[in-house]
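Here, each number is a calculation from the coordinates, and none is a lab measurement. In this text the structure is predicted, and so the values were computed from the model without any measurement. Glycine gets a Cβ as well: all are built from the backbone with ideal geometry, and neighbour counts include every protein chain shown.
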Amino acid sequence: MTATEHSPARRIKEFVRAVRDSGLYPQNPIVNSATTEPVVWVDGRDHLLFCSNNLLGLSNHPEVRAAAAKALERYGLGSGGSRQMAANIDVHRALEHRIADFLGQEDAICFAAGYMANVGVIPALMKLDRYMQIDQVRTLAPPQPGTAGPSWEIFSEELNHASVVDGVRLAAAEVSRYAHKDMAGLAARLDASAARSKFIVSDGVFSMDGDIAPVPELARLARRHDAVLMIDDAHGVGMLGAGGRGSLEHLGVPPAEIDLQMGTFTKAFGGVGGYVAGDRGLIDFLRISARTYIFSAPLPPAIAAGVAESIDIAEREPWRREKALENAAYFRREVRALGYDTLGSEVHIVPVLIGSEAAAAEATRRLRRLRQDKSALRAFRRAVRGRNAEAHRAHRGFHLGPAGLAAVKFQPQPFGHQRHLDAGHAGQPFDRAAHLRRAGSAIHAGDAPFLDAAGSVRHSAAPSLGFPSRDRR
């Protein structure tokens, strides 16, 4: 089809051309090996991977692979439909019971992706009053006195994940955004609200800045205002707390004080998929109202079985998260010593402020070009040399979102050698096969002798992956 001068198709193509010319279009290389390993094969050579979400190194664990292979043999590749049709398979329900038990919640509902959990659950809750008007429901549950006025108002943290933002956009409700971790501002908005029903939603661990939400204060405000509280703990579960149960456990908040705890199987558990856990009555409601659950196929059975095994391993081997957090703390301390701003990072996510999107994209490209057998810290210092001071002065005190606040995000994993971070390899070629043999034997033995970082580039791009995004919302 021929595009006219002002046609949408032509404008789209012009936009893409402008992004390419600016140097901001993602240059995502083709990876020719498992991206769940700390070392990947790209363009004919090894690269240290600093952007993997395989946070505990469980994706290739022999027991996880065996569980997935057994389920693949039994159930086949796909699920054969939605959970409301033929695909309500025993392995799916077993995974829901397992994650609910792990979190100390009554029940859970699983989705094919964490994104689908948020964009399905939030709009579903906002439709409660509409569902209450169904004739059969009105007969059994007539409207209560004093329920006139605006129905729902959502109170959403300004740095929530994009999936939460999109879920809020799809919801039929008034929306109030409160400033990052500003509990006084949230309290004032709640006090001023005339809505009958209030819904508070926040990340537990913020995916870009790596800081932790004030969950105890959120729970207190939710109780005071009789609000539903949902915590997106995708980056907390598996990584924080004495038992790895996330930001709630880390901050001493009982599970019963949070109505809905969302999470993902893609991060700490090395798989794919998402879930929401909470009170059984709320979960039962979501099974008949969340469109991304009703009208979509569930996880492949092999993935569900593998993830359930990952949860078991994560629970019995706490050294995995301890080592990953230790690596992150080390890297964060050393980067700060070099004079870089890590934007309040507290956990395994370590952002490093660069400044402009162009500078961050260039830093990413330079990191990819550096020799793999140099240390990560030295490579990072060389890649961003001369770029941080101006950005630090101009943008210190701001959070990601506005243009000019691009940063590199690192996510260390528990495996490998600490020399990847700082000591280098004394100029010797990296022996990939030997490294993978050692890592594999360490995993199999349940031992923890290796210290490695697999981190990433965040608001910009990872040393292999990512795209500078200016629109978090």
*Karplus couplings for the stretch 103-117 from phi (6.51 cos²θ - 1.76 cosθ + 1.60, θ = phi - 60°), rounded to Hz, Gly and Pro as x?*
8, x, 9, 6, 7, 8, 10, 9, 10, 5, 8, x, 4, 5, 4
*asked:* Give me the dipole magnitude in Debye, nearest 20, for the stretch 1-122 about the Cα centre, with unit charges on the beta carbon: positive for Lys and Arg, negative for Asp and Glu.
replied: 420 debye
*What is the gain in length, in nm to one decimal, between H6 and A162 on full extension, counting 0.36 nm per residue of separation less the C-alpha to C-alpha distance?*
53.1 nm
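Report the full-extension gain for the segment Q84 to A297: residue separation times 0.36 nm, less the Cα-Cα distance, to one decimal in nm.
Result for the pair: 75.7 nm of gain on full extension.
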_the stretch 79-299 - Rg and Dmax from Cα coordinates, angstrom_ = 16.9, 49
